[in-house]
1. Could you please state, rounded to a whole Å, how far the C-alpha centre of region B:1-38 is from the C-alpha centre of region A:85-127?
2. Using only the alpha carbons of region B:179-330, determine the length spanned along each of the three principal axes and report them from longest to shortest in whole angstroms.
3. Any idea what Rg and Dmax come out to for region B:115-201 if you just take the C-alpha atoms, in Å?
4. Which distance in Å, rounded to a whole number, links the C-alpha centroids of region A:167-193 and region A:1-17?
5. What translational diffusion coefficient, to the nearest whole µm²/s, does the protein assembly as shown have by Stokes-Einstein, given a Kirkwood radius computed over alpha-carbon pairs, a temperature of 10 °C and 1.306 mPa s viscosity?
6. Principal axis extents for region A:78-154, Cα atoms only, whole Å, descending order, please.
7. In whole Hz and in residue order, list the ³J(HN,Hα) couplings for region B:210-216 that follow from phi through the Karplus curve 6.51 cos²θ - 1.76 cosθ + 1.60, θ = phi - 60°; x for Gly and Pro.
8. Within 10 Å of each Cβ of A:97-105, how many other protein chain Cβ atoms are there on average?
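Read the figures in this text as sums done on the coordinates, not as results from a lab. Model, not experiment: these values are computed from the prediction. In this analysis, Cβ positions are derived from the backbone assuming ideal geometry, glycine residues included, and neighbour counts consider all displayed protein chains.
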Amino acid sequence: MILLNNVEIGYDKMLFEIDCLTLIKGKVYTLIGANGKGKTTFLKTLVGELAPLKGVFSIDALKSVDLTRGERSKRITFVPSKQVDVDFLRVKDFVALGRTPYTNLIGMCNSSDYLKVVSSLELLKISHLKDCFLNQISDGEKQLAAISKAIVQDTDVIILDEPTAFLDYSNRINVFELLKEIAIKLNKVILFSSHDIDSILELKTELLLLNQHSKKMEFYSANTISKTDLIKIAF
Amino acid sequence: MVLTSKVKLFILLLCVPVIVCLHICVGEFDLNLELIQQSLFDFNPTDTNQVILRDFRIPRLLIGVIAGSGLAISGLLMQTLFNNPLAGPYILGINSGASLFAAFSIMTGVTFFSSQFGTITSALLGAFIFGLIILGFSLFVRSKISLLLIGVMLGSFSGALITVIQSMSDAFQLKKFTIWTMGSLQQVSFDEFPIILLFYFFALILLIFTVKPLNALVIGESQAALLGIPVRFIRILLIFITAILTGLITAYCGPIAFVGIAVPNVVKLLFKTQNHIVLILGSMIFGVIFLLFSDWLVQLLWSSIHLPINAVTSLIGAPFVIFIIIKKLA
């Protein structure tokens, strides 16, 4: 669970503020806002790459500023929109890197770590790719592998930056539906940013809108806002 | 048949005793195990064969093992740190410190360098100072690319200084320095090994703590940070280890080329993995085999032509690397 109270988000100057926001397990949240209005800054703040300009927020009732790097890596993780191209890295080894916060000094995975990798690959229906090299699979498959790595990391919160930005239509729908399934099945907070408004409204996720006019973040439950209103507020 | 990494490592390891025997046996007289044992533990300075063994062949073999493995490891660390297969042990300019101070020692005639220290001590001092400079920069330069550029600039700066020194020195000094830059495994004496081994094993122990971070760094620094890796600290640790190994090796052997860049790449092609416990062990073993084999060739051809080690590493190394790349592509 993530709790934000009177937090200001921004790099040097304030981009927007959040009066009060609670993100709870089992739900999918979509962050919507115009380019350059602080979506990525907000996500970076949540994962601890940036500090909020004002205020504190808590992850699992622990203040974010008090979390050590190791503790944070067991509670919250992040999936970038574009995945890296690496030679000689097999999908299963890439996914297994998600276990890094839990493994021993030289990073060896034990059998229970491998079980988690296997079941996560199964959940995302990419078990058949496990022995492929990362640079041999498609962008859509790479995105699924990255989500699979995030699941294996066993964090309560998974944050994704435009997870479908580089994907075609059928892959987009597939990723969105899998994210919803993960949130419910594995009881996690899932938060992602997206510009794909039609798919999101269809998917019925919770919405976090960056209000262009008031510079505040607004929360809308699924199905409580129409497309025209949404566009008026955010763009 | 697909061989596992363990089997491949074992096969590589089996080649080591073979190349070690080849390397130590090359020369004018035949030796046996008893003679080696005597020269190490029951040394008799009047026996010429023992003297040759203790003063020439054993030091040459040992420093070959240390240089081959150390340079290959350093190259691997820099390639993973900078996510670039063209990086090598000399990318941060630590060797140029050694070269600069060796140039001071050989060519300037400044008594501080030429009398009190020999070339080796001067080179060690240079590597140490340049290692400290680049470590200092890495403490507060945030971007890896900036660090890389600073390293390259340090290299060209000292390269320019060396050129100035060269232009003012006489032919004899010039030749001596040029030969130093060609690399040699024959400049270490037996008594210097305790201190060399101390630094070498210190670096190897530190290396254990970098295996897990290196595996995570493969997917980029920001991703590694999300996995709980202290990225800045690890960067400094990797540079520290590289500075110790390359500084030590460059001081004693001169700037040995090629091994550090080529070996880790060949090992990655052979093992097809990014697991750094495998890559480190593979690079160490393959680095030893490659450098000892090159040096064995150097000595085999010693009587007919005077070949520097740097020429041989690249002469046999470059075609070999191209062969491996082509073979893997096909």
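1. 37
2. 58, 47, 21
3. My reading of the Cα-based Rg and Dmax gives 16.1, 45 Å.
4. With region A:167-193 and region A:1-17 each reduced to a Cα centre, they are spaced 25 Å.
5. Calculated translational D: 60 µm²/s.
6. 31, 23, 23
7. With coefficients 6.51, -1.76 and 1.60, one gets 9, 4, 5, x, 4, 4, 6 Hz.
8. 4
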